[in-house]
Amino acid sequence: MTASGARIRPGQGGAAPQSTVAPEADRQVDLLAGILLRQGQCDVQTIERGRRVATESGQRLDLVLIQLGLVTERGLAEAYATLLGVPLAGPARFPEAPLYPERLTPRFLRTARACPLAVEDGTLVLGVADALDGFTPAAVQAATGLPVRLEIAVPIELEAAFGRLYPEGDAAETSAGGEGGAGLEEDAERLKDLASEAPVIRLVNQIIGRAVETHASDIHVEPFEDRLRVRYRYDGVLHEADSPAVRLAPAIISRIKIMAKLDIAERRLPQDGRIKMAVRGTEIDFRVSTIPSLYGEKVVLRVLDRSSVSFDYVKLGLPRGVVEQWSRALELPNGILLVTGPTGSGKTTTLYTGLTTINAVSRNIVTVEDPIEYQLNGINQIQIKPQIGLTFAALLRSILRQDPDVIMVGEVRDLETAQIAVQAALTGHLVLSTLHTNSAAATITRLRDMGLEDYLLTAVLRGVLAQRLVRRLCDACKRQADAPAELVARFGLEQRARGERLRLWHPVGCAQCRSTGYRGRQAIAEFLQPTPEIEHLIFSKADQSEIERAAVGAGMVTMFNAGLDAALAGTTTIEEVVRSIRAEA
């Protein structure tokens, strides 16, 4: 054992998790399995599967369960805490500065997955990710000369603390950037070697794991001349994270491309791929896109977490009136229904929600998508492949021979696709699709510009739902205040007050919302349903403003007014509505 006062370094005593289970640990592992079952973290079949793999590999059951993604890291941490009767160490528990840096090296702590949290009553509180590792607390006690008391740390929070307390740890441990800028032009084999080094693998896994744990929707990895910027998108807004050293850029980007099965030697052309992996005990899909930029390839990973997506109108936040109109339109036997909005406005989620509500054994539902974002049970989903001629238009022609009741087309991109969709609607099918327009009325103009004839539009169009996503106010910290008179006058809010005192909610910021004041997003929408007057306007080549006025006269609530209603209800803010819709006041 390390003598008291000695500085612990990597390689001394082997602090890494052991590959075999010591006999004395068997009972603790069995108790832990029982706790996992009682807490509902997994079922009996999962435990048995883990035991088989543990027996074959010689590893501990709990480590196998995590590696296979059968339990979440937070769930396992809670089970550890119950087993030992100790608390979980939350993010606020980690110190502002490293404790005993002269005796405990960053590399040892990273390898052991442990971090000194505090000294209380002469005892060193040690946060550990592996509660059954007996060597680490003994080694820390020997090195510091203090008795050690354990608390359980969730790995993602432990890694975030390491990044803050020991920011140079990864750079010091890897030789990936040893050649400085010259490494940018390494050949494919060298990049493979760099991307296969343990520190780079760990760093990429940490970047991905943090995105999943903090519910980010996208990860942006962007190389610049003097830095490698990593940003996460939360609720539609990008936030910069602690970025790795710029010399690691080729290795990190190559590692992501290898995971996505892309050609790492091709750095001149954009590439698209997909990663499917267990992260923090949850099965996650990632859509990967790379494009060449001035200082290397920019990589964006879109996080597709099935467990965090709910195809439910209430959770989407769509206005009740819009949901009722949309649901009635979905029950029609034929015609075209469109969902419009910019990229990232939740169009596909709304379509998926609609499909799940009408999905039944009696209906043949087929989707044509690019790409398939989420798998829907009982619905036939097809991925287009333009490189072999499998386009939206080509697939639509073939699908019509299979007697579908409902067809979802991922996007109407050109006249050919639009014409085949119209033909399908005219021959007795209900067609759902998306379009990139700024409002429901603008959809008419867009289809007309594509070359679709007005008489076809009026014959098949059953409704257009236009939507945006706005950030929800955090319920834990939002505050209410009187609405300023200027704001009331600017947006005509007095007409909505119904004689009551006008008060608006405002963001504050707390730990639950990452100090942004917002947590999650909701949809605001408008639904245009063609009326005889609107059909007459379409025939007379009226512009979108005339069509919108007619729709409002027929009862349509515009998207901006729906946003104002949401702000007055306290779910979002007027600033968010204006930012999302970019309305001109």
**OP:** State the extension gain, in nm to one decimal, for the chain segment bounded by Leu415 and Glu453, taking 0.36 nm per residue of separation less the distance between their alpha-carbons.
**Re:** 12.6 nm
Original post:
With the dipole of the range 36-148 worked out from charges on the C-beta (+1 for Lys and Arg, -1 for Asp and Glu) around the Cα centre, which of Leu76, Gly90, Gly50 lies farthest toward the positive end?
Top reply: Gly50
**OP:** Quick one: plug the Kirkwood hydrodynamic radius of the chain (C-alpha pairs) into Stokes-Einstein at 37 °C, 0.692 mPa s, and report D in µm²/s.
**Re:** 120 µm²/s
Original post:
So what does Glu225 come to for accessible area, using a 1.4 Å probe and Å² rounded to 10?
Top reply: 140 Å²
Original post:
What is the gain in length, in nm to one decimal, between Arg503 and Ala138 on full extension, counting 0.36 nm per residue of separation less the C-alpha to C-alpha distance?
Top reply: 125.6 nm
Subject >> Estimated distance in nm for a label pair at Arg363 and Val119, the labels positioned 7 Å out from Cα along Cα-to-Cβ >> reply: 6.7 nm
Subject >> No Cys partner within the rule (Cβ under 4.7 Å), the chain >> reply: Cys42, Cys115
Original post:
Ignoring ligands and nucleic acids, what accessible area does Ser289 show with a 1.4 Å probe (Å², nearest 10)?
Top reply: 40 Å²
**OP:** Could you provide, to the nearest whole Å², the per residue accessible area of the chain with probe 1.4 Å?
**Re:** 46 Å²
Original post:
Dimensions of the range 399-539 along principal axes (Cα, Å, largest first)?
Top reply: 57, 36, 24
Original post:
Can you give the charge dipole size of the range 492-585 about its Cα centre, rounded to the nearest 20 debye, using +1 on the beta carbon of Lys and Arg and -1 on the beta carbon of Asp and Glu?
Top reply: 600 debye
Original post:
Per Stokes-Einstein, at 20 °C and 1.002 mPa s, what whole-number D in µm² s⁻¹ belongs to the range 495-546, with the Kirkwood radius over Cα pairs as the hydrodynamic radius?
Top reply: 134 µm²/s
Subject >> R0 of 30 Å, Cβ-Cβ distance Arg38-Leu68: FRET efficiency to nearest 0.05 >> reply: 0.90
Original post:
Packing-wise, with mean Cβ within 10 Å as the measure, how do 234-240, 350-356 rank, highest first?
Top reply: 350-356, 234-240
Subject >> Calculated FRET value between Arg227 and Lys541, using beta carbons and R₀ = 56 Å, to 0.05 >> reply: 0.60
**OP:** With both partners inside the chain, how many of the DSSP beta bridges are antiparallel, as a percent to the nearest 5?
**Re:** 65 percent
**OP:** Order the peptides 98-108, 129-139 from the highest to the lowest mean number of other Cβ atoms within 10 Å of their residues.
**Re:** 129-139, 98-108
**OP:** Provide Trp326, Trp505 ordered by accessible surface of protein heavy atoms (probe 1.4 Å), highest first.
**Re:** Trp505, Trp326
Subject >> Highest to lowest packing among 295-304, 143-152, 84-93, scored as the average C-beta count within 10 Å >> reply: 295-304, 143-152, 84-93
Original post:
How high is the FRET efficiency between Arg549 and Asp475 when r is their beta carbon distance and R₀ equals 45 Å, given to the nearest 0.05?
Top reply: 0.75
Original post:
At a 1.4 Å probe, what is the % contribution of carbon and sulfur to the accessible area of the chain?
Top reply: 49 percent
Subject >> Crossing angle, helix 440-450 versus the chain [Cα axis fit, 0-90 degrees, rounded to tens] >> reply: 80 degrees
**OP:** Report, by chain and number, residues whose modeled amide H sits under 5 Å from the one on Glu151, excluding near sequence neighbours (fewer than 5 apart, same chain).
**Re:** Leu126, Gly127, Val128
Original post:
So how much slack lies between Val237 and Ser289, counting 0.36 nm per residue of separation and subtracting their Cα-Cα distance, in nm?
Top reply: 16.8 nm
Original post:
If you bin the C-alpha pair distances of the range 330-460 every 10 Å from 0, what whole percents do you get?
Top reply: 12, 47, 36, 5
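The values are calculated or read from the model by the stated rules, or taken from the named source; none is laboratory data. Since this is a predicted model, take the numbers as computed values, not measurements. Cβ atoms come from the backbone with ideal geometry, glycine included; neighbour counts cover every protein chain shown. With ligands, DNA and RNA removed, areas are computed over all heavy atoms of the protein, side chains included. Shrake-Rupley method; radii C 1.70, N 1.55, O 1.52, S 1.80 Å.
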